[in-house]
Amino acid sequence: MALQSLDILRRSATPTATPQVRNTVEVAKLIDVTTCIGCKACQVACSEWNELRAEVGTNIGVYDNPVDLSDQAWTVMRFNEVEENGKLEWLIRKDGCMHCADPGCLKACPSPGAIIQYKNGIVDFHEENCIGCGYCVSGCPFNVPRISKQDNKAYKCSLCSDRVAVGQEPACVKTCPTGAIQFGSKEDMKEVAATRITDLKKRGYDNAGLYDPAGVGGTHVMYVLHHADKAPLYSGLPQDPAISATVSLWKGLLKPVATLGIAAAGLFGFFHYITVGPNRADDEHAEDEKETVK
Amino acid sequence: MKEQLIQRYSAPERINHWIVAVCFILLAISGLAFFYPAFFWLTGVFGTPQLARIIHPFVGVVMFLAFLRQFFRYYHHNFIDAEDVKWMKAVGTVMKGGEVGDTGRYNGGQKGMFWLMSGCMALLLLSGIVAWRPYFAASFPIPLIRVALLVHASSALALIAGIIVHVYAALWVKGTIRAMVEGVVTHAWARKHHPRWYREMTGNKR
Ligand code: HEM
Ligand code: SF4
Ligand code: SF4
């Protein structure tokens, strides 16, 4: 939703610069997966604050409910049981938009201003400008945006940009009973994470680490993982996410190549006509000439 | 003296051609608007950007069906033979206004264009369906949709560049537009540009 109290860093499909002079602090949400108990208070808070009501689903044999992100569920808890170091581990990850510094959704979107990246790092969809093409779905390396069946527009977590704009933390952060979700400047969140990771390492989680993947320029939603070397254990979290090469080619190299090709065809025609001139056959004179030559 | 004319395209053929042409223009306008941010305003031609997005694939299907009819009308005229290869090799001479080879109903350039258009149309339809929301895209895996979008944009741009050449050729060779508007060409036109076809149509020796 349009909120001009936050400075805009980038707009989708807008090649010219946005106002850049104010120095805004980058924010981040830190999700400590090792502290999360899977209570889903954050899911409820999200649905409350954003006035979303996902359909009451059915039990599919695990705790995941709703089973997937949707236009009415911008965050879902994903539960996975794995055996690591000879012990059963229950890995619970709060899934949702990662608010990438280099967002594939924004890169792919063809509609000016349908996707906005604020200077503080939040990536927000402005549905009033969305045309429902679904390019953002193809652009996102985390499979996050969902097109609503109700209005054919794309929705996802806004990191509660409306709350952040007035100095509040996102609703999920506010609600989390264990303090597994924290919010602040990205710098501070990295420090908090570092302390927790040192602690985890002392307790035997040698590969504990921060998930802030460089392939997408870092993210403004970060995870503390016990097994940072095995991100896919956490219900398919990509180890090294990056904007797909196909998308980069489509939104990158193809544009100048296409421009050159089309311009070359047009310019060739124009200069050919004004130099060689039209190719006429139908005046009788030319025909007579041809006959005498033969 | 009365002009001597040869019928080149019947009324149904001309209607068919212009249905494809009008659809193509609408598709190119909306497609380029999605492809180039700086041309997004072209979606205004359709009322709103959302409407442009919704209408584009439907127009695409109409165009594809109309083109399919054309394909079956003309494919047997478009097999490339030795005269066409001669024509293609001497395209420089052709550009200067010269004629090369004993050209039949279509010359090497026109035949090449026919197959380029046919290939692009098929790719555009297939990739367009994969990317089509809200009806089909959700049934395809995201990596496939990515490829489809790349293929769609690439083949669209190849087709647009090809059509620019197609339109220019028609403007450059005087008397050609008339073939697709009134359906007829003059004897002089046919004898100069398509001598073999001229002989077939008139029974004249030259
Ligand atoms: C054959 C049937 C066609 C179908 C089913 C089709 C379908 C689509 C769809 C679904 C999209 C995504 C946007 C939207 O949902 O409207 C699209 C985009 C596009 N279409 Fe088509 N289309 C067809 C033919 C064409 C033709 C003939 C052209 C070229 C003149 C064209 C040029 C484009 C371009 C340039 C884009 C934007 C691609 C991008 O954003 O990179 N399409 N088409
Ligand atoms: S669906 Fe909407 S937000 Fe997503 S790419 Fe298309 S216009 Fe942009
Ligand atoms: S996670 Fe996906 S939707 Fe969220 S900012 Fe990154 S690319 Fe966009």
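Taken together, the values in this text are just the output of simple stated rules run on the coordinates, not laboratory data. Quick caveat, the model's predicted, so the values are computed rather than measured. Don't worry about glycine lacking a Cβ; one is built from the backbone with ideal geometry, like all the others, and counts go over all protein chains shown.
Odds and ends about this structure:
- Straight-distance crosslink candidates among lysines, where the alpha carbon sits under 25 Å from B:Lys2 and sequence neighbours closer than 8 are dropped: A:Lys290, A:Lys294, B:Lys174, B:Lys192, B:Lys205
- Residues in segment B:181-206 that a label on B:Asp81 would reach, taking backbone N under 14 Å of a point 7 Å out along Cα→Cβ: B:194-201
- Theoretical ellipticity at 222 nm over chain B - DSSP helices of four or more residues, -39500 (n - 2.57) apiece, nearest 500: -22500 deg cm²/dmol
- Taking the fewest neighbouring Cβ atoms within 10 Å as the starting point, the ordered list for A:Arg93, B:Arg73 is B:Arg73, A:Arg93.
- Whichever lysines have a C-alpha closer than 18 Å to that of A:Lys174, once near sequence neighbours (fewer than 8 apart) are set aside: A:Lys29, A:Lys40, A:Lys94, A:Lys186
- The aspartates and glutamates whose alpha-carbon is closer than 19 Å to the alpha-carbon of A:Lys251, local same-chain residues fewer than 8 away aside, are A:Asp102.
- 37 °C / 0.692 mPa s Stokes-Einstein diffusion coefficient of segment B:7-74, Kirkwood radius on C-alpha pairs, µm²/s: 256
- Rg/Rh for segment A:1-141, where both radii come from Cα atoms and Rh is the Kirkwood radius: 1.03
- Distance between the modelled labels on B:Phe136 and A:Ala165, one decimal in nanometres: 3.9 nm (7 Å Cα→Cβ projection).
- Bridge type composition, the protein assembly as shown - antiparallel percent by DSSP, nearest 5: 85
- Derived scalar couplings ³J(HN,Hα) [segment A:143-154; Karplus, 6.51 cos²θ - 1.76 cosθ + 1.60; whole Hz; x for Gly, Pro]: 6, 9, x, 10, 8, 6, 6, 6, 10, 6, 10, 8
- Tail weight of P(r) past 21 Å, computed on alpha-carbon pairs of segment B:82-206, percent: 53
- Shielding by partners for peptide B:143-150, expressed as the average number of C-beta atoms from other protein chains within 10 Å of each residue's C-beta, is 6.
- Cut-off 20 Å (backbone N to label point 7 Å along Cα→Cβ of A:Asp199), residues of segment A:78-103: A:90-94
- Taking amide H as placed 1.01 Å from N in the peptide plane, A:Arg78 has its amide H under 5 Å from the amide H of A:Arg93, A:Lys94, A:Asp95, each at least 5 places away in sequence or on another chain.
- With a cut-off of 10 Å between beta carbons, the residues surrounding A:Thr24 carry a summed charge of 0, where Lys and Arg count +1 and Asp and Glu -1.
- Across chain B, the mean sequence separation of Cα contacts (distance under 8 Å, 6 or more residues apart), normalised by length, yields a relative contact order of 27 percent.
- For A:Ile115, residues with placed amide H under 5 Å, excluding near neighbours: A:Ser12, A:His126
- Estimated FRET transfer efficiency (A:Ile60, A:Asp206; beta-carbon r; R0 41 Å; 0.05): 0.75
- Proxy reagent accessibility, fewest Cβ within 10 Å first, across A:Val216, A:Val166: A:Val166, A:Val216
- Couplings 3J(HN,Hα) for segment A:81-98, derived from phi with the Karplus relation 6.51 cos²θ - 1.76 cosθ + 1.60 (θ = phi - 60°), are 9, 9, 10, 10, 6, x, 10, 6, 10, 10, 9, 10, 10, 7, 9, x, 5, 8 Hz, where x marks Gly and Pro.
- Across peptide B:21-31, the average count of Cβ atoms from other chains found within 10 Å of a residue's Cβ is 0.
- Whole-number D in µm² s⁻¹ for the protein assembly as shown, Kirkwood Cα-pair radius fed into Stokes-Einstein, 20 °C, 1.002 mPa s: 81
- In this structure, the amide hydrogen of A:Ile8, modeled 1.01 Å from its nitrogen in the peptide plane, lies closer than 5 angstrom to those of A:Lys119, counting only residues at least 5 positions away or on a different chain.
- Calculated on the Cα set of chain A, radius of gyration then Dmax: 26.3, 102 Å.
- Efficiency of FRET from Cβ geometry, B:Arg73 and B:Lys96, R₀ 25 Å, rounded to 0.05: 0.20
- Helices that extend 18 Å or more along their long axis by alpha-carbon positions and average at least 1.0 on the Kyte-Doolittle scale are, among the DSSP H runs of chain A, A:254-275.
- Sorting A:101-108, B:64-71 by their mean Cβ neighbour count within 10 Å, with the most densely packed peptide first, gives A:101-108, B:64-71.
- Averaged over the residues of peptide A:126-137, the number of Cβ atoms from other protein chains lying within 10 Å of each residue's Cβ is 5.
- The phi-based Karplus calculation (6.51 cos²θ - 1.76 cosθ + 1.60; θ = phi - 60°) puts the 3J(HN,Hα) values of segment B:73-86 at 5, 10, 4, 6, 8, 10, 6, 7, 10, 4, 4, 5, 5, 4 Hz, whole numbers, x for Gly and Pro.
- Counting only DSSP H runs of at least 4 residues, each contributing -39500 (n - 2.57), and dividing by the residue count of chain A, the helix-based mean residue ellipticity at 222 nm comes to -8500 deg cm²/dmol.
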